[in-house]
Amino acid sequence: MYHALMPYSSTENQHAMPPTPCQRYCGDDLSSYGKRFGIAYRFSCRGHLPVVQGRVEEFALRPGMRLTHSDVEVLQHYASTSLQSAALLVLVVLEGDVTLKLGDSELRLTSGQAVSTRLIGSTHALHASQAPGQRLRTLALGLENAAVLPELSPAMETSSRFAWHLAEPLKRALEYALEGHWQAGPHRLMMEGLALQLLAHAQHAGHADAPRRDALAGGSCAPREQARLEDVRQRLLEQPMEDYRLEDLARIAAMSPSSLRSKFRQAYGQSVFDCLREQRLTLAREYLAQGLSVQQTALRCGYRHPSNFTTAFRRHFGVSPRRLARTLA
């Protein structure tokens, strides 16, 4: 399966790296894997230096249908190319940043974004590139052939690459399932149900108008304009605790507030302030895990009033920050 470590690999191969709570993978590990499964890797440094560390889980949900969850820290830049085939591949980025290339199209996926595509061997190779210094959490759902789910056969026969934004309720459900402590049987059932939801959302997104489908690729923006939008996004991601106004961010982007509002959504599938809120709340969860109080966390994440923070946190994660803090403790 495609995930942060490797692109899609056929489910006929049963020698994937064993899942562990936390494992380091060096260049030699990945190269050895690539030789078995026809994946070419490129690293900044070869040999025994670690490339990523973390955990990878694979769920064989039904014959020909496999879901892979990867949660790793990228330690050095690497890229990969897979020549495997799949009737349908859905890749979701829950956290981090992945650059994909399919044919002549390049696509950058960030948190909450997804892509659906067919992989047709060497004629439609999947290229992936991951930047270092980030936590990367991805989900990949692959179907080997149309017979796995006959309901999706027409969509799989006609689908091309398109990007879409993960619905917030589905994202929260995925986070809940992946972070909870489940017994093997119930966990597999839950993951199969969520996988079917992913397929339904992907099929629904595929029926959208072409301009909306390609919006996440940023295809409608000139390169310089896209670069300025990325400057704004990086400012929000790196300094989420600051108090931002749309007018100030528009000056960074060298465009009017209304243009920034519409073009940011078109490029990233969410509004400027949705992006800011998502980053603040992701940071808040980390602070709570470190033992900070709700009030301390709220202030560090840019919320002036803890009550506003609590409301936003509960709406985003489905649980109050105080309750989550007790669970983490």
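The values are calculated or read from the model by the stated rules, or taken from the named source; none is laboratory data. Since we're looking at a predicted model, the values are computed, not measured. Quick note on the areas: whole protein, heavy atoms, side chains included, nothing else; ligands and nucleic acids left out. Shrake-Rupley method; radii C 1.70, N 1.55, O 1.52, S 1.80 Å.
First compute the accessible area of the stretch 244-329 with a 1.4 Å probe, then give the percent of it belonging to carbon and sulfur atoms.
So the carbon and sulfur contribution to the accessible surface is 46 percent.
Mind jotting down the distance between the C-alpha centroids of the stretch 256-307 and the stretch 83-113, whole Å?
24 Å
Hey, what do the phi angles of the stretch 269-274 turn into as Karplus ³J(HN,Hα) couplings, whole Hz, using 6.51/-1.76/1.60 and θ = phi - 60°, x for Gly and Pro?
Values, residue by residue: x, 7, 6, 4, 7, 5 Hz.
Write down the accessible area per residue of the stretch 221-329 in Å², having rolled a 1.4 Å probe over the full set of protein chains.
With all protein chains present, the stretch 221-329 gives 55 Å² per residue.
Taking amide hydrogens as modeled 1.01 Å from N in the peptide plane, which residues meet the under 5 Å criterion relative to PHE162, leaving out close sequence neighbours?
Close amide H contacts, sequence-distant or interchain: SER116.
Run the 1.4 Å probe and let me know the accessible area of VAL72, rounded to the nearest 10 Å².
Accessible area of VAL72: about 0 Å².
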